[in-house]
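Written below as structure tokens is the structure these notes are about.
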Amino acid sequence: MLDSIIKFSLRYRMLVVVISLVVLVYGSYLATQMSIDVFPDLDRPRVVIITEAPGLATEEVETLVTQPIEIALMGANGVQAVRSQSTSGLNIIFIEFDWSTEIRAARQTVQERLTTLEGILPAGIRPQMTPPSSIMGQIIIAGIYRQDGPDRGKLAQVGTTNLMAEMIVADGVTPRVDVWRPGNRHDFTTWEKLEPQSVGWSPGEELNTGTATIEIDGRTYEANFYSDAKQQLELRTIADWIIRPRLLKTTGVAEVFMQGGDRKQYQILIDPTALLEYDITVQDVEKALRESNINTSGGFAVTGETERPIRILGRLGPQSRVVIEDLKKVSVGSNPKRSVLLEQVARVTEGPQFKRGDGSVNGRPGIVFTTVKQPHVDTRLLTDDVAAAFAEVEASLPADIIVNSELFRLKNFIDRGIFNVAEALVIGAVLVIIVLFLFLLNFRTTFITLTAIPLSLVLTTLVFRLVGILSGSELSINVMTLGGIAVAMGELVDDAIVDVENIFRRLKQNNTLPIDEQKPPIVIVFEASKEIRSSIVFGTAVVILSFLPLFALSGVEGRLFTPLGFAYIVSILASFVVSMTVTPVLSFYLLPKSGATHDQE
């Protein structure tokens, strides 16, 4: 069979050359389109459950929440391990499944088991499954913060325009307010300073706060300079309602975690003395607040042939000042003379929610975003998409808000790891070229031998793509696959060099014979290739057998080292195919007319 392949290649040698060129071009193109990652796919099917238990201590969370959930999940179909972490008011449970389990089936199994916990867990506690995420999921860590103005003053937006006002404070003097037209928010040299027609200042209740009334081109605008605490509340609101939804919209993003900033709350600070005085309980206040913040329907009003819905609007918002005033007027109780309002028994204010942990960016108070990717998603491509989303969001925000999406990028780590392995690959290829030329001392034989390297690599790429299509999971270029190719780099030319050297020797011997006894070059090439074919086959088989034990590894070790062995074996087999097809054809075209084959021994 092998002899037939060699004979077919020599008979249709031009076809072999054309096919080789097409494979070389197309394989190179596919190599540029393959996903690149630092490691192979290590995403074991895993479901994560997070349960919030406000008010419970760590021991109570472990006893009342964690243990019942673990007992319900143990023994479920495909479950390999259940691990948990419990802390005050929170528990996290990791359920790991067999490698062959589909993530959708795993999540369905967990959901079915969670339904059996009704009536077992404490009231109001509901376990929730997190979105599916990758084990190498944290691909980008970014941050947002507020910057100072060109003159190191506090910035504020001028009305709803793109202009920015800068407040510069001097001791004992009314603050000076400058107006800027921002260019590049990261480069103050592009900002243009404007001359407003008039600037008025109204100090606020807190130090270094107030409202500037600015007249520009006959129009009057206001710029509100809030306290640092108020700005942190606004920054967190922007992060919650603008930035995070935009990131979650990006295809491939599983979750976006935020740390830092202050989440805004409308806080009701109850006065116990006033409660006793008006005979009101805390439960009365809670009930009144819950019932006052709803929208309800009043049916329909029929006018002729038209139906108009009747709505009763009671939900508070969106302006903070209006919400606080409305809350103060909520009736929390009554007496024979008049209703008791909330402002009579409590103080209503805007404040931050209690937070655990904080965030800062470049030494400034800010918010840190951690973007987690979904399993089996191209990390580098998703990183570019998320970075573009951050840039798009930043362009829509006031110029005093800076988005830094380069705090950490897994893509940089991947590029560095791939670069290091690729560098070793190139160095190995260069050394192979030098050694081949020093031993062969012939440009033509060296060229024919070296063609095995690129052709073997592109054939490996084609096999990777074919396996990805058949298996449904695309193979990636990573440190392990490149490592397998790097290990095989010196052996990719073994088959070709043995074949070329024997063809070169037989051609040289044939040229020493009398002319009437010399055989045609194509016959010599065929016989020389056929002569050493069995040796090449056994040598290739021995090398492949030495790597087969890698496929016996299980678990994470198997997922990590199997791609290395697969890439190595495929590249070796590809070089064997090249030695049976392309190498004899090129030897026929280049060696018979070579002057070295006509030298007398």
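Output the Kirkwood hydrodynamic radius of the range 336-384, Cα pairs only, in Å rounded to one decimal.
Computed over Cα pairs of the range 336-384, the Kirkwood hydrodynamic radius comes out at 16.6 Å.
Roughly speaking, what is the stretch gain from ALA105 to ASN335, that is 0.36 nm per residue apart minus the C-alpha to C-alpha distance, in nm to one decimal?
Stretched fully, the ALA105-ASN335 segment lengthens by 76.9 nm.
Using only Cα atoms, find the angle between the long axis of helix 282-292 and the longest principal axis of the chain, and express it within 0 to 90 degrees, rounded to the nearest 10.
Roughly 70 degrees, rounded to the nearest 10.
Taking every pair of alpha-carbon atoms in the range 335-432, give the share separated by more than 19 Å as a whole percent.
Roughly 69 percent, once rounded to a whole number.
Can you give me the pair-distance distribution of the range 94-161, C-alpha pairs, 10 Å bins, whole percents?
13, 26, 18, 14, 14, 14, 0
Hey, what did the chain get for relative contact order, percent, Cα under 8 Å, at least 6 apart?
18
Within the range 297-334, report the GluC sites (Glu not before Pro) that DSSP leaves as loop and that have at most 15 other Cβ atoms within 10 Å.
GLU305
Order the peptides 411-417, 209-215 from the highest to the lowest mean number of other Cβ atoms within 10 Å of their residues.
Output ranking for 411-417, 209-215: 209-215, 411-417.
Counting heavy atoms of the protein chains only and a 1.4 Å probe, report the per residue accessible area for the chain as a whole number of Å².
Per-residue accessible area for the chain comes out at 55 Å².
Could the peptides 517-527, 9-19, 111-121, 141-151 be put in order, highest first, of the mean number of other beta-carbon atoms found within 10 Å of their residues?
141-151, 517-527, 9-19, 111-121
As a test of reading the structure, rank PHE369, PHE538, PHE561 by solvent-accessible area (1.4 Å probe, protein chains only), most first.
PHE538, PHE561, PHE369
Please give the peptides 126-138, 84-96 ranked by average Cβ packing (other Cβ atoms within 10 Å per residue), highest first, as a rough proxy for protection.
Result, highest mean first: 84-96, 126-138.
Over every pair of different alpha-carbon atoms in the chain, take the mean of 1/r and invert it; report that Kirkwood radius in Å.
Answer for the chain: a Kirkwood hydrodynamic radius of 31.5 Å.
First compute the accessible area of the range 352-430 with a 1.4 Å probe, then give the percent of it belonging to carbon and sulfur atoms.
56
At a 1.4 Å probe radius, carbon and sulfur cover how many percent of the accessible area of the range 439-595?
Answer for the range 439-595 is 71 percent, counting heavy atoms of protein chains only.
Output needed: percent of Cα pairs per 5 Å distance bin for the range 438-588, bins running from 0 to the one holding the longest distance.
2, 10, 17, 18, 17, 12, 9, 7, 4, 3, 2, 1, 0, 0
For the range 220-276, what D do you get in µm² per second when you plug the Kirkwood radius from alpha-carbon pairs into Stokes-Einstein at 37 °C and 0.692 mPa s?
Here the translational diffusion coefficient equals 226 µm²/s.
Angle check, please: helix 521-531 long axis (alpha carbons) against the longest principal axis of the chain (alpha carbons), in degrees 0 to 90, nearest 10.
So the inclination is approximately 70 degrees.
To the nearest whole percent, what portion of all C-alpha pairs in the range 389-455 is separated by more than 15 angstrom?
Distances greater than 15 Å cover 70 percent of the Cα pairs.
In deg cm²/dmol, rounded to 500, what helix-only [θ] at 222 nm does the chain give when every DSSP H run of at least 4 residues adds -39500 (n - 2.57) and the total is split over its residues?
-14000 deg cm²/dmol
If the viscosity is 0.890 mPa s and the temperature 25 °C, what translational diffusion coefficient in µm²/s does Stokes-Einstein give for the range 153-293 when Rh comes from Kirkwood over Cα pairs?
The Stokes-Einstein estimate is 129 µm²/s.
The values are calculated or read from the model by the stated rules, or taken from the named source; none is laboratory data. Predicted model, so just to flag it, every value in this text is computed and none were measured. Cβ: placed from backbone, ideal geometry, glycine included. Neighbour counts: every protein chain shown. Each accessible area value is taken on the protein alone, full model and side chains, heavy atoms only, with ligands, DNA and RNA left out. Shrake-Rupley method; radii C 1.70, N 1.55, O 1.52, S 1.80 Å.
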